[in-house]
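Visitor: Quick one: the structure is below, questions incoming.
Derivation of every value follows stated rules applied to the coordinates shown; laboratory data play no part. Treat the numbers as computed from the prediction; the structure is a model and nothing was measured. Counting neighbours? That spans all protein chains shown, and the Cβs are built from the backbone with ideal geometry, glycine included.
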Amino acid sequence: MDPAKSLSRHVFVDESGDPALELDREGVSAYFVLTAIIADSAHLQEEDNAARDIISKYFPKGEMKSSKIGQNQSRRSRIIQDVARLHFRHFSQVIDKSRILEDSGLRFRRSFIKFINRILYKSLFQSFSELHVVADEHGKSDFMKGFPSYLERRLPQRLFESWTFIFADSKAHPLLQVADLLAGSISRCYAGLDPMIILEPIRPHTIIIDEWPPRFPEPMGFHELGELQKHDFIVRRVALEKAEQFIDSRSLSEDRYEMAQVAAARYLLYHFRSVDPEEYIPTASLHDHLEGLGFAMSERVLRANVIGKLRDESVFIASTRKGIKIPYGVTDLLDFVSTVNSQVVPYLKRLEICRKHFLMATNGDLDLVRERQFPDLERYLSSDA
């Protein structure tokens, strides 16, 4: 097992929103957000103390809650900037309730809560083996008392190498209050009540802000679009679908590199959906992200065993000197073609010159690209290819 993966972490989970799907009903939230604050157990007391100082500064008479900040964007921004000085990472799950069918099984509160939590904890347990989970007890009903055993029944046993799970009062746990702040702030941003720029200070702390159901951009009036616009939409849809399919198919893998591939695909999707779909990600940023999750490797290994293998599995990744990304349109795919053309074609031309020279020098006896040894190269270099 990777040493970094086995490091003990404390996880503090809180939510924002309600499980009701009747969005036209007064007071029902458009989104349901779960946020997990992840802190190294070895430094937990330091983070608790630092969080308490922030809480005392802004909420001297009580708890730090997103609902207490409300519409005061400047105050929320200042608090988030202070919270960003703490040493933690966060994983958030955003549920767009408008995309869930009202007649689905998730219309029942118990089913909704259990299903949504299972999505979050499955991702957490896949990334970190030793976890001590503290969830906010606010609103806890009798059926949630059996939630830990529910997780053990519904998720593979190998995910539970070492873990504990308790419900607790957020008053006693400052990092639960940080989870409340972030969950509420993310919910407000997704609902359009606050600008996304408010979340910018915590971007370095973000493992991922995952969305469910998976969202594919579908423009209205697709059939009235021009040919290039249609192609751009198809590129986006196919690229997102392939990335999601790969994550689903490999999410329970025990292979270290496949786990890193899943983490990389999730990071690329997060950047596409929540940061900027047209912005390239420096390879070094992806490298640092994976290293923070316990996948230590060189950039050369990252390119070969993560990015390259993702492409082998039909996860489409555009690349230029600026970095990599999920393609947003045809131009991004052409960037990838240009990169391949600039790197591969010169090698093939040089190999062809070398091959022909020694074929002529040996009267055809020495073929450097024999069909049995290098069938792909032989096919590419053959005159009838």
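Visitor: Return the Cα extents of region 224-328 along principal axes one, two and three, sorted largest first, each rounded to a whole Å.
Guide: So the three principal-axis extents are 47, 29, 23 Å.
Visitor: Which far-off residues, 5 or more places away or on another chain, put their amide H under 5 Å from the one on Thr206, with H placed in the peptide plane?
Guide: Residues meeting the amide H criterion: His90.
Visitor: Apply the membrane-span-like helix rule to the chain: whole DSSP H runs, Cα extent along the own long axis of at least 20 Å, mean Kyte-Doolittle hydropathy at least 0.5. List the helices found.
Guide: Membrane-span-like by this rule: 174-190.
Visitor: If you average the sequence gap of Cα pairs under 8 Å that are 6 or more apart and divide by the length of the chain, what percent do you get for the contact order?
Guide: 18 percent
Visitor: Ok, one more. Please give the FRET efficiency for Ser253 paired with Leu23, using the beta carbon to beta carbon distance and R0 = 45 Å, rounded to the nearest 0.05. Walk me through the numbers before you get to the answer.
Guide: Details: r = 37 Å, r/R0 = 0.81.
Result of the calculation: an efficiency of 0.80.
Visitor: If you don't mind, there's one more thing I want to ask. Tell me the label-point distance for the pair Arg379, Asp40, using the 7 Å Cα-to-Cβ offset, in nm and rounded to one decimal.
Guide: 4.9 nm
Visitor: Put +1 on the Cβ of every Lys and Arg and -1 on every Asp and Glu Cβ in the chain; which of Ser170, His205, Tyr267 then has its Cα farthest towards the positive end of the dipole?
Guide: The one lying farthest along the dipole's positive direction is Ser170.
Visitor: Can you give me the distance in nm between label points at Arg110 and Val340, each placed 7 Å from the Cα along the Cα-to-Cβ direction?
Guide: 5.3 nm
Visitor: Using a 7 Å offset from the Cα along the Cα-to-Cβ direction at both Ser285 and Glu227, what is the distance between the two label points in nm, to one decimal?
Guide: It is 3.4 nm.
Visitor: Separate question: Which trypsin sites (Lys or Arg not before Pro) from region 1-105 combine a DSSP loop assignment with at most 11 other Cβ atoms within 10 Å?
Guide: Counting only loop positions with at most 11 other Cβ atoms within 10 Å, the trypsin sites (Lys or Arg not before Pro) in region 1-105 are Arg25, Lys61, Arg85.
Visitor: Determine, for Cys354, Cys189, the number of other Cβ atoms within 10 Å of each Cβ, and report the residues in order from fewest to most.
Guide: Working: Cys354 12, Cys189 20.
In order of increasing Cβ crowding within 10 Å: Cys354, Cys189.
Visitor: Give the range of the longest stretch in the chain that excludes all chymotrypsin sites (Phe, Trp or Tyr not before Pro) found in loop regions by DSSP and having at most 16 other beta-carbon atoms within 10 Å. Intermediate results must be reported in sequence, preceding the final value.
Guide: Numbers: sites that count: Phe108, Phe160.
After excluding every exposed loop site, the longest remaining stretch is 161-385.
Visitor: Just the number, please: Stokes-Einstein D of region 307-347 in µm²/s, Kirkwood Rh from C-alpha pairs, 4 °C, 1.567 mPa s.
Guide: On the way: Rh = 10.5 Å.
Rounded to a whole number, D works out at 123 µm²/s.
Visitor: Please work out the C-alpha center-to-center distance from region 305-371 to region 59-115 and express it in whole Å.
Guide: Here the answer is 46 Å between Cα centres.
Visitor: Using DSSP to call loops (not H, G, I, E or B), can you name the GluC sites (Glu not before Pro) in region 25-94 whose Cβ has at most 16 other Cβ atoms within 10 angstrom?
Guide: Working: sites: Glu26, Glu46, Glu47, Glu63; in loops: Glu26, Glu63.
Qualifying residues, ordered by number: Glu26, Glu63.
Visitor: Suppose every Lys and Arg Cβ carries +1 and every Asp and Glu Cβ carries -1, with no other charges. What dipole size does the chain come out with about its Cα centre, to the nearest 20 debye?
Guide: 320 debye
Visitor: Working from the pairwise distances between different alpha carbons, so that the mean of 1/r is found and then inverted, what is the chain's Kirkwood radius in Å? Working shown, then result.
Guide: Details: mean 1/r = 0.0427 Å⁻¹.
The answer is 23.4 Å.
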